[in-house]
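Notes to accompany the following structure.
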Ligand SMILES: Nc1ncnc2c1ncn2[C@@H]1O[C@H](COP(=O)(O)OP(=O)(O)O)[C@@H](O)[C@H]1O
Ligand SMILES: O=C(CO)[C@@H](O)[C@H](O)COP(=O)(O)O
């Protein structure tokens, strides 16, 4: 049985799964932490990848590998393949003013017109997360660095390039071939200079170098080649993966993490994934994206040729990390505390903008606790308010998806914080829907592994479809709507 590897180079860590290409059975896995922060030298991702690969027992025996990863991060390379400055990540908000400038410029001075034009062309109204705003920030704040940019990549593109053996001459076997950079539609669709629906039957789309020029001030830079969903982007260097495989392990196009999760879960129209990692994401696959000029919904691409519609918050699992820190509680204790307080926490409401916010677009906001009284000054009330506040932000995202006529039939709860029993139960109350919790797993890495198996199958039999792997549901909870939770939240959300 051939083996394939899937990688998730996420915000907080690198996770690797090795799976049987035919059945999808998990064979081995590993993970390693990334440093904290919203700007990080990509070498940390490379180090974590190698540590996770060691923990997974090495990758010598895999026949294909693919990388999913946190979206949007700006990896600026010079002509020698060196990283010019630390990568600005999706959750770095310093480029919020640059986003506003770009919106006004495309709208000839009018914000509403500009917002709609960005949505029409790229699927998204610009916010600080999107790569193009970071390039504009670089142009304005660090012009010397901007002048050195010879290529712009995203976290997953860059890691795939390193796995193929490329990089600076003194630290890679194949050297700095910038034309060897590859990506896929899903991640390209989060840059702000790519139109996923342009031409080509919707499979490859097209870069919009006119928009890149608007951001960086010039467009004479290499951009990763956008591969079709099961097209190989080269082979892994034998020192890294697939040393025992004839010709080396194929490298898949990779994916943005949310598209990776959709592939790992086998999502169909009607399925909604709610991911509670560093980011909170409500997402759905659809045949074509819409263009939401309000900015609540990003119309990205998925990893199969469809669209991926999503609402993303900056504040998810780390809101609970903050609650644990305030309360000195373990994950289990936090969950028990939250479940010991009533729905609505007797009026104690957290608006959870602890790191600013992206949806709604409030990059400079801070979190606020409302309804503090003697009776609500208990550990239980505080724990519950943090869980409810985190989920209310995502419920607004679900409403925004519905407003785009996205069908909602099944909600799948995934990501690190989905493991909390309190989060699962409160989710049935806040969303007012039945909730399915898949078996605990690394769904982004699984999606990348499924893509790797698809690339392998296509190499043997052109036109082969993605392998049918099943994602088992561990727990299904009935809907238990408690409208009071969202009513209280809606009453204070805009007071920040
Ligand atoms: N049982 C749990 N309850 C609440 N939060 C959890 C639990 N297990 C993990 N987490 C949180 O999940 C987050 C990591 O989730 P993950 O989906 O891997 O994030 P990312 O993909 O952004 O790196 C961390 O903030 C961690 O504290
Ligand atoms: O910005 C987005 C999507 O638009 C985030 O979803 C990032 O892709 C980070 O994901 P996590 O590391 O939080 O899973």
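In degrees between 0 and 90, to the nearest 10, how far off the longest principal axis of the chain does helix 131-141 point, with axes built from Cα atoms? So the inclination is approximately 80 degrees.
With contacts taken as Cα pairs under 8 Å at a separation of at least 6 residues, the chain carries a relative contact order of 16 percent.
Going from the fewest other Cβ atoms within 10 Å to the most, the residues 134, 33, 15 appear in the order 33, 15, 134. In terms of Cα atoms, the Rg and Dmax of segment 3-264 work out to 18.0, 58 Å.
Per-residue ellipticity at 222 nm for the chain, helices alone: DSSP H runs ≥ 4 residues times -39500 (n - 2.57), over residue total, nearest 500 deg cm²/dmol? All intermediate terms of the calculation are to be shown ahead of the outcome.
Details: 15 runs with 166 residues, N = 496.
Calculated from helices alone, the mean residue ellipticity at 222 nm is -10000 deg cm²/dmol.
Normalising the average separation of contacting C-alpha pairs (under 8 angstrom, six or more residues apart) by the number of residues puts the relative contact order of segment 3-264 at 20 percent.
Counted by neighbouring Cβ atoms within 10 Å, the residues 240, 132 run from fewest to most as 240, 132. Relative protection proxy for 401-413, 155-167, from highest mean packing down: 155-167, 401-413 (other beta-carbon atoms within 10 angstrom). Take 418-426, 207-215 and order them by the average number of nearby Cβ atoms within 10 Å per residue, most first; the result is 418-426, 207-215. Dimensions of the chain along the principal axes, based on C-alpha atoms and rounded to the nearest Å, stand at 66, 56, 40, largest first. Take every Cα pair under 8 Å whose residues are at least 6 apart in sequence, average their separation, divide by the length of segment 79-212, and the relative contact order is 23 percent. When peptides 439-452, 470-483, 290-303 are ranked by their average number of other Cβ atoms within 10 Å per residue, the highest-first order is 439-452, 290-303, 470-483.
Which translational diffusion coefficient, to the nearest whole µm²/s, is obtained for segment 1-70 from the Stokes-Einstein equation, given a Kirkwood hydrodynamic radius over C-alpha pairs, 25 °C and 0.890 mPa s? Kindly include the intermediate steps, with their values, before the conclusion.
Numbers: Rh = 12.2 Å.
In µm²/s, the coefficient rounds to 201.
Taking every Cα-Cα distance in segment 294-393 and sorting them into 5 Å bins from zero, the calculated P(r) comes out as 3, 13, 20, 19, 15, 11, 8, 6, 3, 1, 0 percent.
Using Cβ contacts closer than 10 Å as the measure, can you line up 7, 226, 121, 455 from fewest to most?
On the way: 7 35, 226 25, 121 19, 455 28.
Lowest count first: 121, 226, 455, 7.
Binning the alpha carbon pair distances of segment 131-184 at 10 angstrom intervals from zero yields the distribution 24, 43, 31, 3, expressed in whole percent.
Only the coordinates and a few stated rules stand behind these numbers; no lab work does. All figures in this text were calculated on a predicted structure; none of them were measured in a lab. Note: ideal-geometry Cβ built from the backbone for every residue, glycine included; neighbour counts use all protein chains shown.
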